[in-house]
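Participant: Sharing a structure with you now.
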Amino acid sequence: MDGSLISLILPSYNEEENIELIYDSIHKDMADLDYDYELIFIDDGSADGTLNSIQHLAATYPGVKYISFTRNFGKEAALLAGLQKANGDAVIILDADLQHPSYLIPEMIQGFEEGYDQVIARRNRNGESKLRKGLTTMFYKMINTLVDVTLQNGVGDFRLLSRNVVNDVLKLSEANRFSKGLFSWVGYEEKVINYENVNRQAGDSKWSFSNLLNYAIDGVVSFNTKPLRLCLYTGLFILLLSLGYITVMFIEVIRTGIDVPGYFSTISAILFLGGVQLVSLGVIGEYIGRIYNEVKQRPHYLIKETNIHDANDQISQY
Ligand code: UDP
Ligand code: MG
């Protein structure tokens, strides 16, 4: 389509070796298409030369835009910034570490031309450790029983969003962002493209197992209150169980008198109930923590430097 603009959003955290490579590869894949495009790099408070590499590109190519955060705000914040600054009729989100192959871009754009509002790239998990594969499969099983939106294994942020989807995602202003869920939550007609998993070329993945666990908790807690209900059910179940136990014991006491040795049952009850109570408190705490974060209404990120200066943008003017 003539005159349509595609925005490519690239969250980048310590990716100095990858910036130029990803630019070249996108440039190559966009060259044959009849679209204008802009690249929006978000330097998420990188400690290496990422910003330098980006500025170097921006000085050479006018289509390269960037936003540099004052510190590391996380990929979710970077994505949000990119979506807010994108001008495109469609927006493509991809990692700057070359793990999201840019050769899929033409196919994604084709999906957009066919009228799909979301074109999602889904990878297989070849080349990942068995442990990680297992953990992720478990993660999706768990999360999908708990969450109202459907989250698919292998599907990430690598996708094309139409302008309508972007506008709707931007209406969701929550502080705790779980983009994958948000994209699924807004709905719209979607098309899935499969691709072969790629391992990182340079730099390290910023994800660890504890990250994955935290991600799982975020995913569940930011989408509904089912865990709270689970606590309620567990509590009710234990209450019923103990009522039964108390009744039996009471009859026993009346029938045969008080039986002093009761150390095992007492300590088991204390430990078990203590555990259940702590877990429930933790779950409630998760929600309260989130409420606390939301009510503070802090900005999602702060910009140190950018070459995007649009008229209705407060932050970049000051
Ligand atoms: N990223 C970011 N901020 C962060 C962590 C990561 O902007 O705090 C970027 C990173 O530069 C990369 C993308 O998000 O472009 C995905 O990160 P990573 O490769 O570490 O995750 P993985 O591919 O292992 O899921
Ligand atoms: Mg990666």
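Participant: What FRET efficiency do you get for L236 and N144 if R0 is 22 Å and r is their Cβ-Cβ distance, rounded to the nearest 0.05?
Facilitator: So the FRET efficiency works out to roughly 0.35.
Participant: For region 171-290, just list the percent of Cα-Cα distances falling in each 5 Å bin from zero outward, please.
Facilitator: 2, 7, 11, 13, 13, 11, 9, 9, 7, 6, 5, 3, 2, 2, 1
Participant: Go through N126, G181, P106 and say which Cα lies farthest out towards the positive end of the charge dipole of region 104-230; charges sit on Cβ, +1 for Lys and Arg, -1 for Asp and Glu.
Facilitator: The residue sitting farthest along the positive end of the dipole is N126.
Participant: Rounded to the nearest 20 Debye, what is the dipole magnitude of region 121-259 about its Cα centre when Lys and Arg each give +1 and Asp and Glu each give -1 at the C-beta?
Facilitator: With Lys and Arg at +1 and Asp and Glu at -1, about 480 debye.
Participant: Another question, if that's okay. As I understand it, the dipole of region 1-127 uses +1 on the Cβ of Lys and Arg and -1 on the Cβ of Asp and Glu, about the Cα centre. Which of N52, M30, A78 lies farthest toward its positive end?
Facilitator: The residue sitting most towards the positive pole is A78.
Participant: What is the gain in length, in nm to one decimal, between L281 and S129 on full extension, counting 0.36 nm per residue of separation less the C-alpha to C-alpha distance?
Facilitator: Using 0.36 nm per residue and subtracting the Cα-Cα distance, I get 51.3 nm.
Participant: Principal axes first, then extents: for the Cα atoms of region 21-66, list largest minus smallest coordinate on each axis, whole Å, largest first.
Facilitator: 36, 17, 17
Participant: Using a 1.4 Å probe, what is the accessible area per residue for the chain, in Å²?
Facilitator: 55
Participant: Let me ask something additional. Heavy atoms only, 1.4 Å probe, whole protein assembly: order H27, H56 by accessible area, highest first.
Facilitator: Ranking H27, H56 by accessible area, largest first, yields H56, H27.
Participant: By how many nm would the segment from V260 to K171 grow when fully extended, if each residue of separation counts as 0.36 nm and the alpha-carbon distance is taken off?
Facilitator: Gain on stretching V260 to K171: 25.7 nm.
Participant: Could you state the principal axis extents of the C-alpha atoms in region 237-287, from the largest down, to the nearest angstrom?
Facilitator: The Cα atoms of region 237-287 stretch 48, 20, 8 Å along the principal axes, largest first.
Participant: Tell me what the chain gives for mean residue ellipticity at 222 nm when only DSSP H runs of n ≥ 4 count, each as -39,500 (n - 2.57), the sum divided by the residue total, rounded to 500 deg cm²/dmol.
Facilitator: Only helices count here, giving -16500 deg cm²/dmol.
Participant: Further question: So what is Rg over Rh here for region 82-230, counting just Cα atoms and using Kirkwood for Rh?
Facilitator: Reported Rg/Rh (Cα atoms, Kirkwood Rh): 0.95.
Participant: Right, something else. Along the Cα→Cβ direction, 7 angstrom out, place labels at E20 and T225. What is the inter-label distance in nm?
Facilitator: 5.4
Participant: Which of K191/K304; K133/K180; K141/K226; K171/K226; K133/K171 have a Cα-Cα distance over 27 Å?
Facilitator: K191/K304; K133/K171
Participant: Between I288, I143, I251, find the one with the highest GNM mean-square fluctuation for the chain; connect C-alpha pairs within less than 10 Å.
Facilitator: Greatest mean-square fluctuation among the candidates belongs to I251.
Participant: Regarding region 28-105, what is the average projected area of its C-alpha convex hull, in nm²?
Facilitator: 5.6
Participant: Assigning unit charges at the beta carbon (Lys, Arg +1; Asp, Glu -1) and nothing else, what dipole magnitude in debye, to the nearest 20, does the chain show about its Cα centre?
Facilitator: Dipole of the chain, to the nearest 20 debye: 1640 debye.
Participant: Using the Cα centre of region 29-97 as the reference point, and only Cβ charges (+1 on K/R, -1 on D/E), how large is the resulting charge dipole? Debye, rounded to the nearest 20.
Facilitator: 420
Participant: I've got another one for you. Got the relative contact order for the chain handy, in percent, Cα pairs under 8 Å and 6 or more residues apart?
Facilitator: 21
Participant: Right, here's the next one. Work out the FRET efficiency for R122 and N52 from their Cβ-Cβ distance, taking R0 = 30 Å, and round it to the nearest 0.05.
Facilitator: Efficiency computed from Cβ-Cβ geometry: 0.30.
Participant: Top mean-square fluctuation among T266, T60, T137, Gaussian network model of the chain, C-alpha springs under 10 Å?
Facilitator: In this elastic network of the chain, the residue with the biggest mean-square fluctuation among T266, T60, T137 is T266.
Participant: Farthest toward the dipole's positive end in the chain, which of I308, F272, V155, given Cβ charges of +1 (Lys, Arg) and -1 (Asp, Glu) about the Cα centre?
Facilitator: F272
Participant: Report the residues of region 95-124 in range of a label on V192: point 7 Å along Cα→C-beta, backbone N strictly under 15 Å from it.
Facilitator: Once the point is set 7 Å along Cα→Cβ of V192, 118-124 turn out to lie under 15 Å by backbone N, inside region 95-124.
Participant: If you don't mind, there's one more thing I want to ask. Most mobile of F41, F178, F209 per a Gaussian network model of the chain (Cα springs, under 10 Å)?
Facilitator: Looking only at F41, F178, F209, the biggest GNM fluctuation is shown by F209.
Participant: Out of the DSSP beta bridges found with both residues in the chain, what percent are antiparallel (nearest 5)?
Facilitator: Just about 30 percent of them are antiparallel.
Participant: Could you work out Rg/(2.2 N^0.38 Å) for region 78-143, with Rg from alpha carbons only?
Facilitator: So region 78-143 has a normalised radius of gyration of 1.39.
Participant: Direction-averaged shadow area of the convex hull around the Cα atoms of the chain, nm²?
Facilitator: Seen from a random direction, the Cα hull of the chain projects 20.7 nm² on average.
Participant: Please list, by residue number, every one of the GluC sites (Glu not before Pro) in region 44-132 that is coil in DSSP and has at most 13 other beta-carbon atoms within 10 Å.
Facilitator: E114
Participant: Right, another one. Would you mind classifying region 1-148 by shape? Square roots of the alpha carbon gyration tensor eigenvalues, ordered a ≥ b ≥ c; an a/c under 1.5 is rounded, otherwise it is prolate if a/b is larger than b/c and oblate if not.
Facilitator: Taking the square roots of the gyration eigenvalues as a ≥ b ≥ c, region 1-148 is oblate.
The values are calculated or read from the model by the stated rules, or taken from the named source; none is laboratory data. As the structure is a computational prediction, the values presented were derived from the model and not from experiment. Here Cβ is always computed from backbone atoms with ideal geometry, including for glycine, and neighbour counts include all displayed protein chains. Quick note on the areas: whole protein, heavy atoms, side chains included, nothing else; ligands and nucleic acids left out. Shrake-Rupley method; radii C 1.70, N 1.55, O 1.52, S 1.80 Å.
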